[in-house]
Amino acid sequence: MEFYKNIMKNLTMFSLTLEPSHLDFIKGLDYTPVGLGDKNFSNEWFSDKIGKNISHKNKNYGEYTFHYWLWKNYIEKINSKWIGFSQYRKFWTIDNFDNSNLSMKKINSIAIREVPSEFDDCDVILGKPFFVNQKRTSKFIKKGFKLILKKPSLLFNKNSRNLKFHFDLMHGENNLKKAVDLLDEKNKSFFEDYMNKNFYFHPHNMLICKSKSLLTNYYETIFPWLEKCEHIFGFKNLKGFGLMRIYGFLAERFMSYWFTKNAKFKTMNITFYDINNELNN
């Protein structure tokens with residue numbers, strides 16, 4: 001594993017991917033490349049398979065196998081002011097861009113290399129909120145027919161489609177409740193309240209955090225909880241993307257809750273572009 005000397009003034013940005021072919025592009029951004037999954041990555045990549053790790057859970061945990069590795073093996077070695085996480089299809093940008101006009105060259109020019117001073121007064125940067133109650137009614141009917149039969153008002157009242165409803169819809173009815181019941185009493189009540197009262201969250205398991213201690217505190221909360229959840233959901237019987245990645249989806253909602261509750265935050269745009277569109281042509 002080779003650590004890239006970070007030429008940015010204030011940011012270490014880890015870029016997570018499943019594809020070794022993304023190396024040159026990630027290096028061109030001056031980001032630190034992280035290889036996940038089953039493919040063979042050279043020693044130019046950071047890997048979640050060495051040291052203390054849970055890399056065998058990647059299909060279920062997604063990006064969080066790297067977060068676990070970072071927590072257990074590397075976080076104290078980082079000296080930059082900010083620690084960030086991006087993905088090969090999602091990039092932090094100051095402005096919002098129409099992805100129909102994007103290219104790898106454009107991403108290289110608009111993806112942040114450092115955190116602007118306007119964010120100095122916050123502890124963490126999260127993605128712009130994603131509203132779950134804006135989906136078309138037809139999609140709700142197709143995906144959540146049983147839920148709608150139980151509560152017909154969901155069909156007509158967007159304000160009843162909260163984060164809890166959305167999670168039940170996408171990841172199995174009552175699975176959220178089973179997971180929340182395993183939280184410590186303090187987080188249990190606050191997280192339950194967050195999921196019941198909100199219609200948006202900060203998505204994609206992406207953040208830029210100023211404090212190593214704040215990030216470590218988060219890891220010390222999220223990973224013991226997810227481990228408890230494994231005793232409920234297991235791995236073998238998780239079928240379909242919505243269930244197979246349930247630990248990652250639980251973490252996505254919990255991350256949004258935890259940092260908005262425990263830190264001063266601001267938001268930044270996350271721009272979508274799949275670099276495979278060019279690399280595979």
Pair-distance profile P(r), taking every C-alpha pair of region 211-281, with 10 angstrom steps and integer %: 15, 34, 29, 20, 1
Length released on extending from residue 181 to residue 104, taking residue separation times 0.36 nm less the Cα-Cα span: 23.3 nm
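Which shape class applies to region 183-249: rounded if a/c is under 1.5, otherwise prolate when a/b exceeds b/c and oblate if not, where a ≥ b ≥ c are the square roots of the Cα gyration tensor eigenvalues?
Since a/c stays below 1.5, the shape of region 183-249 is classed as rounded.
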Sum of side-chain charges, residue 184 neighbourhood, beta-carbon under 14 Å (Lys, Arg +1; Asp, Glu -1): -1
Value at 222 nm in deg cm²/dmol, rounded to 500, when DSSP H runs of n ≥ 4 in the chain each add -39,500 (n - 2.57): -11500 deg cm²/dmol
Gyration tensor (alpha-carbon) shape descriptor, region 8-48, a/c threshold 1.5: prolate
Over 24 Å (Cα to Cα) - which of 210/261; 188/210; 57/239 fall in this group: 188/210
Rough spin-label spacing in nm, given labels placed 7 Å along Cα→Cβ, for residue 277 and residue 232: 3.8
Cα-based equivalent ellipsoid, the chain: semi-axes from gyration tensor eigenvalues, Å: 31, 22, 20
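Throughout, read-outs are computed from the coordinates displayed, never taken from laboratory work. Here the structure is a predicted model, which is why all the values come from computation and not from measurement. As a convention, Cβ positions derive from the backbone with ideal geometry for all residues, glycine included, and neighbour counts pool all protein chains shown.
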